[in-house]
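Right, one structure below, let's go through it.
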Amino acid sequence: MKTLREWTDDLYRRFESLRHAPGTLARLKVAMNVFIPYLENRCDVHHPETLTLEHIHGFQAHLAQRRTRKGLPMKPASINTVIKGVRAFLDLLDDCGCLRRPLAKKLDYVREPNLLPTGVLTHAEVRKLLRKLGAQSSEGVRDRAALELMYSSGLRIGELVAITLPDLDLEAGVVRVIGKGQKERFVPVGKTALKWLRSY
């Protein structure tokens, strides 16, 4: 009879075999590092066969009361990240016939406030910020090229840092990007970004 921790390792291997993004796997591990200790230490549950609906409800309440290192309540988005990972784990256990009843959907997502972003920089503010980067050193040129590329092509930070030289086609003015779900796309690069990339 496998322990919960052994099943957790199986879940990690499954995610790796499906080639999920590294960030997805990291978030899954965070979720398991909350869920498994809760079951072991608070409920004395070490095997999936003894997992019940009461344990799931208790974990839901535990998440609502959980605090950050600064003593603040967890944000709804952070709670939902944990719930998403735990649901994937419970689905695996159910698929393998380890649970008495399906439990994943008994763990409810919390409502996230629909907040619009505030403090978005204007075009002029972005240009002013970029001009402040020093171009006297190789690091300054590198940083300016990276930010110009990110700004002109609308890249996420994770996408930016994953770019390698073969991904850049400076003649055609495009960059190959691997986004969420390992999806490939080709994105145009602005003239200013191209200038700084050539300098770098």
On the basis of being of a type in the set (S, T, Y) and modelled with pLDDT of 90 or more, does T52 make the cut?
yes
If we ask which residues in the stretch 104-128 are in contact (Cβ under 8 Å) with a residue 24 or more places away in the chain and more than 24 Å from G23 (Cα to Cα), their number turns out to be 2
Which of the numbered conditions does C96 fail, given that it passes all the others? Conditions: (1) in contact with a helix residue (DSSP H, G or I) (Cβ under 7 Å, 6 or more places away or on another chain); (2) within 23 Å of Y12 (Cα to Cα).
(1)
Does H55 meet the test of being more than 23 Å from the chain's Cα centre (by Cα), outside any loop (DSSP other than H, G, I, E, B) and over 20 Å from F15 (Cβ atoms)?
yes
Identify the single condition in (1) out of contact with any helix residue (DSSP H, G or I) (no Cβ under 6 Å at 6 or more places or on another chain); (2) in contact (Cβ under 8 Å) with a residue 40 or more places away in the chain; (3) over 14 Å from R5 (Cα atoms); (4) in a helix (DSSP H, G or I) that R101 does not satisfy, given that it satisfies every other one.
(4)
V120 vs. criteria more than 21 Å from the chain's Cα centre (by Cα), surrounded by fewer than 17 Cβ atoms within 10 Å (Cβ to Cβ), β-branched (V, I, T) and within 25 Å of K180 (Cα to Cα)
yes
Residue hits (the stretch 15-59; among the charged types (D, E, K, R) and either open to solvent by less than 30 Å² (accessible area, probe 1.4 Å) or over 24 Å from G181 (Cβ atoms) (or both)) are E40, R42, D44, E49, E54
Qualifying position, being within 21 Å of the chain's Cα centre (by Cα), surrounded by 10 or more Cβ atoms within 10 Å (Cβ to Cβ) and outside any loop (DSSP other than H, G, I, E, B), among V141, V177:
V177
Which residue is farthest from the chain's Cα centre (by Cα), if the candidates are limited to the stretch 6-19 and must be under 24 Å from S78 (Cβ atoms) and touching a residue at least 12 places away in the same chain (Cβ under 8 Å)?
W7
Out of all the residues in the stretch 65-92, which are among the small types (G, A, S) and either open to solvent by 70 Å² or more (accessible area, probe 1.4 Å) or under 16 Å from F15 (Cβ atoms) (or both)?
G85, A88
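Quick grid of which residues meet (1) open to solvent by less than 30 Å² (accessible area, probe 1.4 Å); (2) part of a helix (DSSP H, G or I); (3) closer than 27 Å to H20 by Cα:
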| position | (1), (2), (3) |
| --- | --- |
| L133 | no, no, no |
| Q136 | no, no, no |
| A145 | yes, yes, no |
| Y151 | no, yes, yes |
| G158 | no, yes, yes |
| F186 | no, no, yes |
| T192 | no, yes, no |
| L197 | yes, yes, no |
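The values are calculated or read from the model by the stated rules, or taken from the named source; none is laboratory data. Everything numeric here is computed off the predicted structure, so don't read it as measured data. When we count neighbours, we look across all protein chains shown, and the Cβ atoms used for this are built from the backbone with ideal geometry, even at glycine. For accessibility, only protein heavy atoms count, side chains too; no ligands or nucleic acids. Shrake-Rupley method; radii C 1.70, N 1.55, O 1.52, S 1.80 Å.
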